[in-house]
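J.: Please read through the structure below; I'll follow up with questions.
The values are calculated or read from the model by the stated rules, or taken from the named source; none is laboratory data. As the structure is a computational prediction, the values presented were derived from the model and not from experiment. Backbone-built Cβ (ideal geometry, glycine too); neighbour counts: all protein chains shown. Just the protein is used for accessible areas: all its heavy atoms, side chains included, with ligands, DNA and RNA removed. Shrake-Rupley method; radii C 1.70, N 1.55, O 1.52, S 1.80 Å.
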Amino acid sequence: MTPYARRGVHGQTVEALARRVLSGDIPEGATLDLVALQSELDVSLTALRESLKVLAAKGMVDARQKRGTFVRNRSDWNLLDADVLRWQFESDRTTDAGSALLGNLAEVRGIIEPAAVRLAAERRTEDDLAALDAAVDAMGVGGSDAAHAVEADLAFHRALLAATHNELLERMEMVIESGLAYRDRIVHSSPHSQDPVPAHRAVLDAVRAQDPRAAEAAMRALLDQAGRDLDRIGGSDNNTERPSGQ
């Protein structure tokens with residue numbers, strides 16, 4: 001599953017339409033006025049139709065004779081699509097919907113990552129350990145650079161899934177990354193964020209020792225901290241101290 005490439009007028013149009021649908025500006029069941037949208041977005045009708053094809057492939061819109069192009073019910077959307085997840089997080093900033101989505105992500109991670117890290121401990125290779133070491137090392141040298149911290153954290157969790165050597169689990173990277181990146185940007189931008197290295201190092205040490213039980217325990221501890229961070233973020237304003245993301 002490859003994320004949609006955000007390039008040029010076509011990419012901008014796709015994202016503008018997606019955000020309108022996800023934010024509810026264009027509600028479920030609404031029939032789209034293509035002429036009005038063409039004018040509002042200042043694009044050709046051909047470009048607009050091509051952009052709508054992208055959303056149709058993600059289950060968000062459809063077109064029928066006599067009815068035209070319309071927004072499908074949310075239950076039909078491909079909510080696990082990396083772009084749909086990213087668009088949701090970007091559309092739902094600081095809203096109850098955004099908090100609910102982060103909560104859903106935390107539950108998914110709680111199911112997937114403890115089981116995945118057990119497999120990683122059993123199957124990891126030296127190359128896997130090198131990738132994990134590099135990610136943890138990167139966490140320790142980023143300083144206050146939030147973008148660097150986010151990328152290092154994503155690299156660590158990506159490497160963990162890769163270390164399972166299970167193709168389907170590796171694909172879960174696309175589900176976890178979109179929400180994790182959104183969440184990390186919040187917590188790593190805080191001037192009071194805690195050092196993320198120890199919790200991640202504990203997971204890595206257990207994987208290196210090929211100890212599945214210890215690896216699962218370390219991952220659950222990391223996710224518990226992530227949950228406490230999420231609770232604090234959900235109940236705080238932007239001036240409240242927030243611990244580092246996991």
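J.: Tell me, what % of the accessible area of the stretch 6-69 is carbon and sulfur with a 1.4 angstrom probe?
T.: Roughly 47 percent of what the probe reaches on the stretch 6-69 is carbon or sulfur.
J.: Modelling each spin label as a point 7 Å along the Cα-to-Cβ direction, I'd like the residue 122/residue 75 distance in nm, to one decimal.
T.: 3.7
J.: What does the net charge come to around residue 129 if you take all other residues with beta carbon closer than 11 Å to its beta carbon, with K and R at +1 and D and E at -1?
T.: Working: positive: 124, 208; negative: 126, 127, 128, 133, 205.
Around residue 129, the charge tally is -3.
J.: Moving on. Can you give the FRET efficiency for residue 34 and residue 148, using 1/(1 + (r/R0)^6), R0 = 51 Å, r = Cβ-Cβ distance, to the nearest 0.05?
T.: It comes to 0.75.
J.: Count the net charge of all other residues whose Cβ sits under 11 Å from the Cβ of residue 197, scoring Lys and Arg as +1 and Asp and Glu as -1.
T.: Local net charge: -2.
J.: Net charge near residue 35: determine it from the other residues with C-beta under 15 Å of the C-beta of residue 35, scoring Lys and Arg +1 and Asp and Glu -1.
T.: Its environment carries a net charge of -2.
J.: Please work out the FRET efficiency for the pair residue 208 and residue 112, using the Cβ-Cβ distance as r and a Förster radius of 25 Å; give the result to the nearest 0.05.
T.: Details: r = 21 Å, r/R0 = 0.84.
Once the sixth-power term is evaluated, E becomes 0.75.
J.: May I pose another question? Can you pull the accessible area of residue 172 for me, 1.4 Å probe, Å² to the nearest 10?
T.: Surface open to solvent at residue 172 totals about 50 Å².
J.: Within 10 Å, count the other beta carbons around each residue, average over each peptide in 175-181, 110-116, and list them highest first.
T.: 175-181, 110-116
J.: Counting only heavy atoms of protein chains, what accessible area per residue, in Å², does the stretch 98-152 have with a probe of 1.4 Å?
T.: Per residue, the stretch 98-152 has an accessible area of 46 Å².
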